[in-house]
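One structure is given here, and the rest of the page talks about it.
Derivation of every value follows stated rules applied to the coordinates shown; laboratory data play no part. Fair warning: this is a prediction, and the values are worked out from it, not measured in the lab. All Cβ positions, glycine included, derive from the backbone under ideal geometry; neighbour counts span all protein chains shown.
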Amino acid sequence: MKKLTLTIYLLLISVSLFAQIPESELNALKDLYQSTQGDQWKLSWPMNEPVTHWEGVTITNNHVTEVRMLFNNLNGEIPSSINQLNHLKVLELSFNNISGELPESLGDIKTLEVLALNGNFIKGGIPASFGNLINLKLLHLSSNELSGEIPSTINNLQNLEVFNVFQNNLSGDLPLELSRSRILREFIVAKNNFKNTSQISKILLSHSAVVYLDENKLHTTGKPVIAVEGSDDGN
């Protein structure tokens, strides 16, 4: 009887260790691990240990609030189940080998404040659902293989301070309403194929102190940084 009681007690302790976050969030982390070859990461997650021991994962009030995996050799795609991390504030997966397209479901994580995916191999377009990220402050998508036009819903991001899509294959018009935002600190869109860069530059110059046209710095006073490519369309 004592042995049975001890076994049940140890089992309950084990369960409690792994139940520090909801099962849906735990499964989302496991999906990310599986879809990006977690066993090949530079710093892998010990799947038989509590989530609190997993490198780059921050738990706050029993929810996953940050996933930071810079330079960690992630290979594969971001799973659509990532939206189950519905308390996530920071998703930092820059400088890995992530491929595939950006899942629409990322737009469901309305708690996101930082979304950084620089330096990967992500293709396709920017999902219109990103316009739902009402708390987003930093959007970093530079140096990928994104294409198509920027969805007009990006103009909904009223709390955005950094918009960085440098060096992709994006085209069409840049978001005018976003460029007029007074809280915007960085607007980095060079090395794409946008049409209305001259118009955007005029708007940005009207309320910004640092401007980069192509890659040549025009002037600097230590304030917001703007990087826009010049165009010949006269817009």
Among the residues of region 176-188, write down those that are of a type outside the set (Lys, Arg), part of a loop (DSSP other than H, G, I, E, B) and touching a strand residue (DSSP E or B) at 6+ places or on another chain (Cβ under 8 Å).
Leu184
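If I go through region 73-106 residue by residue, how many of them are assigned to a loop (DSSP other than H, G, I, E, B) and over 21 Å from Leu146 (Cβ atoms)?
Residues that pass the stated criteria total 6.
So which of Gln167, Gln158 is over 15 Å from the mean Cα position of the chain (by Cα) and either touching a residue at least 60 places away in the same chain (Cβ under 8 Å) or within 17 Å of Asn96 (Cβ to Cβ) (or both)?
Gln167
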Note on region 34-90: residues surrounded by 17 or more Cβ atoms within 10 Å (Cβ to Cβ), under 19 Å from Gln20 (Cβ atoms) and touching a Gly at 6+ places or on another chain (Cβ under 7 Å) are Trp45, Val67
Ser147 touching a residue at least 24 places away in the same chain (Cβ under 8 Å), over 18 Å from Leu29 (Cα atoms) and assigned to a strand (DSSP E or B)
yes
